[in-house]
Each structure stands twice: as structure tokens, then as C-alpha cells.
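Inspection log for the structure reproduced underneath, given as C-alpha cells.
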Amino acid sequence: MSNEKILIVEDEKKIADIVKSYLKRDGFNVNIAETGEQALKLIKNKYDLIILDLKLPDIDGETICSTIREFSDVPIIMLTAKSSEEERVKGLGIGADDYVVKPFSPRELVARVKAHLRRTKKGEKKVLSFNKGALKIDTLSMEVTKRETVIPLTITEFKILLGLAERPHVIFSRLQLVNMVQGYDFEGYDRVIDAHIKNIRHKIEDDTQKPMFIKTVYGAGYKFIGVPD
Ligand code: CA
């Protein structure tokens with residue numbers, strides 16, 4: 001049994017109730033926010049994961065996601081009716097870790113919730129340091145610093161960076177990377193990985209055109225080129 005706290009932000013009561021009952025059955029503590037305003041009040045409590053509907057009556061899910069990201073790296077799974085790839089990539093670009101397209105199977109959503117929570121927790125304390133301390137990755141606190149300044153990465157961005165940095169100079173395909181962070185692949189995952197890499201580069205590289213850490217290997221994927229200290 002887990003006592004992890006999950007917030008469902010969803011105005012469609014039927015969907016929220018079904019998801020809640022599935023999560024409660026697995027021992028999660030679940031709160032529901034039916035409006036964006038309610039959600040913004042509730043997120044001040046600490047949650048282990050947030051399920052966020054993109055379309056809400058008052059404040060849109062994107063805005064809520066960005067607001068959460070200003071102070072927290074809690075895993076966020078977006079619920080979206082928008083199935084176009086552009087929208088999905090946009091959702092991940094603003095800091096969501098995953099998304100589920102409606103209509104979805106509650107069972108699958110719960111499986112994803114568990115997968116995200118599992119990956120958030122595991123790992124032992126170890127600090128990886130590169131380029132004479134210019135980039136440091138603390139694998140347990142999940143803290144990344146660039147010249148001693150803490151860089152806020154989302155959980156998914158962190159997992160991609162760590163996955164690459166743990167094995168410098170090994171080329172990872174986009175499929176390997178998506179499996180590393182999500183545990184499954186889906187249509188359009190290659191663009192999603194590119195979007196995450198772009199976000200990570202903006203945060204850790206001095207010049208994204210001349211990356212010192214994550215290099216694109218055309219036609220193959222990405223590799224980490226930082227020099228371990
Ligand atoms: Ca809705």
C-alpha cells in the first residue's frame with residue numbers, strides 16, 4: 001500500500017471519479033479539483049503526482065502546468081482530448097512529464113502513474129560531475145547544477161539527461177530514450193524526445209548551437225559528450 005498523494009484536476013466529474021476510484025483501490029490518497037482556481041489553491045499542499053486536464057472551465061491546463069513548474073518538479077500527467085502531435089509536444093514543452101489522450105483506459109493511466117512514481121523514487125546517492133564541475137548531477141536529490149547554480153529540470157528532462165550522462169559517448173536512439181523515461185513508446189515519440197532535448201539544452205548549455213554536453217548524432221540519436229571529472 002502506498003500513501004502517496006495524487007491530485008486530479010478535472011472538471012468532468014465522471015472521469016475524475018472513475019480515476020479516483022481506481023487510484024484509491026491501489027492505496028493512493030486522492031484529491032479532486034474541479035476548476036483551475038481550486039487546483040491552484042490545492043497545489044500548495046505537497047502532492048506526489050498531478051493528473052491535469054488540459055481543458056478546464058476557468059484557467060487552461062497549460063497555464064496551471066506552467067504555474068506549478070515555477071515552484072515544483074512534481075510529475076504531471078496531462079489529460080488531453082487534443083490528439084494532434086503539435087498539441088502533445090506543446091504540452092511536454094511547458095513541463096508536463098507525460099500525457100494521456102481521451103478517451104483513455106483508467107487502468108492504463110494508473111499504470112503510468114505508478115511508473116512515474118517508481119522512477120521518481122529509485123536510485124542511490126551519487127553525484128556525477130563534468131567539465132571541471134561545470135555540470136553536476138545529483139542522482140538522489142535529482143538536483144542539477146550549472147557552475148553551482150541550480151538548474152530546474154522537470155523529472156522527464158532529468159531522466160533523459162541522467163540516462164545520457166551515465167554513459168558518455170554512447171549513442172542513444174530516440175526510441176531508447178523514450179523507453180528509458182516512459183517505459184513504452186507511442187506515435188510521435190521522436191518529436192517529443194527532440195522537444196525535451198531542446199528544453200534541456202536551453203537550460204544546461206551556454207550555446208545551444210555548440211553544445212558541450214548533449215550532441216545530436218544525425219540519423220542516429222543523441223550522445224552525452226561532457227568530460228567526466
Ligand atoms: Ca475538461
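The listed residues ILE171, ILE59, ILE160 rank as ILE171, ILE59, ILE160 when sorted by accessible area, largest first, using a 1.4 Å probe. Cross-link pairs exceeding 25 Å in C-alpha to C-alpha distance, out of LYS5/LYS146; LYS46/LYS114; LYS20/LYS114; LYS24/LYS102; LYS132/LYS159; LYS5/LYS136, comprise LYS5/LYS146; LYS5/LYS136. As a length-normalised measure over Cα pairs under 8 Å and 6 or more apart, the relative contact order of the chain settles at 15 percent.
Counting only alpha carbon atoms, the long axis of helix 13-25 and the longest principal axis of the chain meet at about 70°. Let me know the Kirkwood hydrodynamic radius for the range 127-224, please, with Cα pairs as the basis and the value in Å to one decimal. The Cα-based Kirkwood calculation yields 13.5 Å.
The string of couplings for the range 106-119 from the Karplus curve (6.51, -1.76, 1.60, θ = phi - 60°) is x, 4, 5, 4, 4, 4, 5, 4, 5, 4, 5, 5, 4, 5 Hz, one whole number per residue in order, with x for Gly and Pro. The phi-based Karplus calculation (6.51 cos²θ - 1.76 cosθ + 1.60; θ = phi - 60°) puts the 3J(HN,Hα) values of the range 165-172 at 5, 5, 9, x, 6, 8, 7, 10 Hz, whole numbers, x for Gly and Pro.
Between the beta carbons of ARG167 and SER21, assuming R0 = 25 Å, the FRET efficiency works out to 0.05 to the nearest 0.05. A simple spin-label model places pseudo-atoms 7 Å from Cα toward Cβ; at LEU42 and TYR184 they are separated by 2.4 nm.
Working note: Cα atoms of the range 95-158, range along each principal axis, descending, whole Å: 48, 23, 14.
Taking every alpha-carbon pair within the range 5-120, the share separated by more than 20 Å comes to 32 percent. Put simply, the amide H of ALA33, placed in the peptide plane, has neighbours under 5 Å in ILE8, VAL9, GLU10, leaving out anything fewer than 5 places away on its chain. Shape analysis of the chain yields a ratio of the Cα radius of gyration to the Kirkwood radius, Rg/Rh, of 0.97. Helical content of the chain, expressed as a calculated mean residue ellipticity at 222 nm, amounts to -12000 deg cm²/dmol (DSSP H runs of 4 or more residues, -39,500 (n - 2.57) each, divided by residue number, nearest 500). Candidates THR149, PHE172, ASN131 compared by Cα position along the dipole of the range 127-224: farthest toward the positive end lies ASN131, with charges placed on Cβ. Nonpolar atom fraction for the chain, defined as the carbon and sulfur part of the 1.4 Å probe accessible area, stands at 51 percent. Accessible surface comparison of MET212, MET78, MET180, probe 1.4 Å, protein chains only, largest first: the order is MET212, MET180, MET78.
With R₀ fixed at 22 Å, the C-beta to C-beta distance from GLU108 to LYS203 puts the FRET efficiency at about 0.10.
Between amide H atoms placed 1.01 Å from N, distances below 5 Å from LEU79 occur with LEU52, ASP53, LEU54, VAL100, all of them 5 or more places distant or on a separate chain. Taking a point 7 Å out from the Cα of GLU12 in the direction of its Cβ, the residues of the range 26-65 whose backbone N falls within less than 20 Å of it are 31-39, 50-65. A run of the chain free of exposed loop cleavage sites, with GluC sites (Glu not before Pro) counted only in DSSP states other than H, G, I, E and B and at most 13 other beta carbons within 10 Å, reaches its longest extent at 1-69. Rolling a 1.4 Å probe over the protein heavy atoms gives the range 5-120 an accessible area of 47 Å² per residue.
The values are calculated or read from the model by the stated rules, or taken from the named source; none is laboratory data. The structure presented is a predicted model; accordingly, all values stated were derived computationally and were not measured. Glycine also receives a Cβ, built like all others from the backbone with ideal geometry; neighbour counts cover every protein chain displayed. What goes into the accessible areas is simple: the full protein's heavy atoms, side chains included, and nothing from ligands, DNA or RNA. Shrake-Rupley method; radii C 1.70, N 1.55, O 1.52, S 1.80 Å.
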